[in-house]
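The values are calculated or read from the model by the stated rules, or taken from the named source; none is laboratory data. Remember, predicted model here, so these are calculated numbers, not experimental data. Ideal geometry is used to build each Cβ from the backbone, glycine not excepted, and the neighbour counts take in all protein chains shown.
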Amino acid sequence: MNAVVDQLEPVADRLRLTEVFVSLQGEARAIGRLTTFVRLTGCPLRCQYCDTAYAFHGGEWWSFDDILARVAELGAPYVCVTGGEPLAQKRVLPLMKLLCDAGYEVSLETSGSIDVSQVDPRVSRIVDLKTPDSLESHRNLMSNLDVLTPHDQVKFVICSRADYEWAKETVAAHAIDSKCEVLFSPSFTQVSPTALADWIVEDRLNVRFQLQLHKLLWNDEPGR
């Protein structure tokens, strides 16, 4: 998808966006915070539980200046760059730098299938490591784990007990919980939140259990 986006893009200071909106952050460390979401169009992955498939195609070209102006207009000090897969458009890297330079606190939600080492160090990288039952675990770029810092986060969406065991073993094998915060989230409708919480407690895992706040509040409506 990134090759297609890059070929279509007419100038260097534009990105294809699906939406820019303000809401409450629904997950990760900033859960509950007023957040401006900059959602880029396009993703090379097809996770079986994806809840943003509407961002795979379409969108509109935005200049960096227009994006920054819209973010300023919406008025939230925290900005989440998301997708789709935002890193599929390489020009997202200078956009995130500009957002940081403008004084925003910035996070990046990425699948972890694309190198994150070039992301501005001021950005909190939220790497969604894909479990086997996502059907995209073969896309994980495990070398990303080597560059993570305490400023970053690794998320696992758990679809089954087998996914949980895989995630637990992966955290231990790579000592991920010693590098950054680790998040375990139940896949909506696939794993009981109570069951996942019980497994974490039983195994005394050094991870943060999380539910997706936006699904509880707004049933995951786009633009909320």
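Look through region 77-93, keep the residues that are buried (at least 23 other Cβ atoms within 10 Å of the Cβ) and of a type outside the set (A, V, I, L, M, F, W, C), and return whichever of them is farthest from residue 31 (Cα to Cα).
89
Inspect region 7-20 for any residue being within 18 Å of residue 151 (Cβ to Cβ) and part of a helix (DSSP H, G or I) and give the result as yes or no.
So far as region 7-20 goes, no, none of its residues is within 18 Å of residue 151 (Cβ to Cβ) and part of a helix (DSSP H, G or I).
Report yes if some residue within region 41-63 is surrounded by 22 or more Cβ atoms within 10 Å (Cβ to Cβ), closer than 26 Å to residue 137 by Cα, modelled with pLDDT of 95 or more and out of contact with any strand residue (DSSP E or B) (no Cβ under 9 Å at 6 or more places or on another chain); otherwise report no.
yes
Using the structure shown, decide if residue 162 is over 30 Å from residue 122 (Cα atoms), without any contact (Cβ under 8 Å) to a residue 24 or more places away in the chain and assigned to a helix (DSSP H, G or I).
no
Looking at region 103-113, which of the residues that are assigned to a loop (DSSP other than H, G, I, E, B) and surrounded by 18 or more Cβ atoms within 10 Å (Cβ to Cβ) is modelled with the lowest pLDDT?
Looking at residues that are assigned to a loop (DSSP other than H, G, I, E, B) and surrounded by 18 or more Cβ atoms within 10 Å (Cβ to Cβ), I get 112.
So how many residues does region 31-90 have that are of a type in the set (Ser, Thr, Tyr), part of a strand (DSSP E or B) and under 22 Å from residue 215 (Cα atoms)?
Counting residues in region 31-90 that are of a type in the set (Ser, Thr, Tyr), part of a strand (DSSP E or B) and under 22 Å from residue 215 (Cα atoms) gives 4.
Please tell me if residue 208 is of a type in the set (D, E, K, R), modelled with pLDDT of 95 or more and at negative phi.
For residue 208, the condition - of a type in the set (D, E, K, R), modelled with pLDDT of 95 or more and at negative phi - is met.
If you go through region 122-141 one residue at a time, do you hit one that is assigned to a helix (DSSP H, G or I), modelled with pLDDT of 95 or more and under 19 Å from residue 28 (Cβ atoms)?
Yes.
Taking residue 100 and the conditions (1) over 13 Å from the mean Cα position of the chain (by Cα); (2) in contact (Cβ under 8 Å) with a residue 24 or more places away in the chain; (3) assigned to a helix (DSSP H, G or I), which numbered condition does it fall short on, given that it satisfies the others?
The number of the failed condition is (2).
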